[in-house]
Amino acid sequence: MPLQADPTQINAPMEVLLLFCLIFLATMVYGPLGAFLVEQFSAKVRYSGVSVSLQFGNGWIGGFAPFIATALAVSSGDIFHGLLYTIGVALLSTAVAVIVIRDKHHVEMGTKDAASVTLDMQALPR
């Protein structure tokens, strides 16, 4: 295994194409994510709910991903061991989504839905 890349072996156009494909896949996720998150919260707490969920997901889970993946790879000596964090977060997110998230296409956005799993501000202790 070489310690560094040979600059003459790097295919720059293919790298640009691969990066474009990855960015395209990311936009396919982030495009509908805004509409999806808006549907998950009642109008009263929508701004806060979307903000907290995005900050938690991107900031905490995604922000610590390089550190945790590097720590796993260094501790095991296998570079692919770092993928365990990513796979674990994906599996946990899928499990939580299947259990918690309900289809709300039939619910009017401005009305309250008693069967929804959104946070109701009146239910909080004062």
*Quick check, is Gly49 surrounded by 10 or more Cβ atoms within 10 Å (Cβ to Cβ) and either among the charged types (D, E, K, R) or touching a residue at least 40 places away in the same chain (Cβ under 8 Å) (or both)?*
yes
*Could you check how many residues of the stretch 1-25 are of a type in the set (Val, Ile, Thr) and modelled with pLDDT of 90 or more?*
2
*asked:* Would you confirm whether or not the stretch 98-109 contains a residue that is more than 29 Å from Leu3 (Cβ to Cβ), in a helix (DSSP H, G or I) and of a type in the set (Asp, Glu)?
replied: no
*Assess whether Leu33 counts as being modelled with pLDDT of 90 or more, within 30 Å of Arg102 (Cα to Cα) and not hydroxyl-bearing (Ser, Thr, Tyr).*
no
*Quick one: Trp60 ticks every box in (1) over 12 Å from the mean Cα position of the chain (by Cα); (2) over 23 Å from His106 (Cβ atoms); (3) among the hydrophobic types (A, V, I, L, M, F, W, C) except a single one, so which number is it?*
(1)
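The values are calculated or read from the model by the stated rules, or taken from the named source; none is laboratory data. Keep in mind that what you see is a predicted model, and the values were worked out from it rather than measured. Here Cβ is always computed from backbone atoms with ideal geometry, including for glycine, and neighbour counts include all displayed protein chains.
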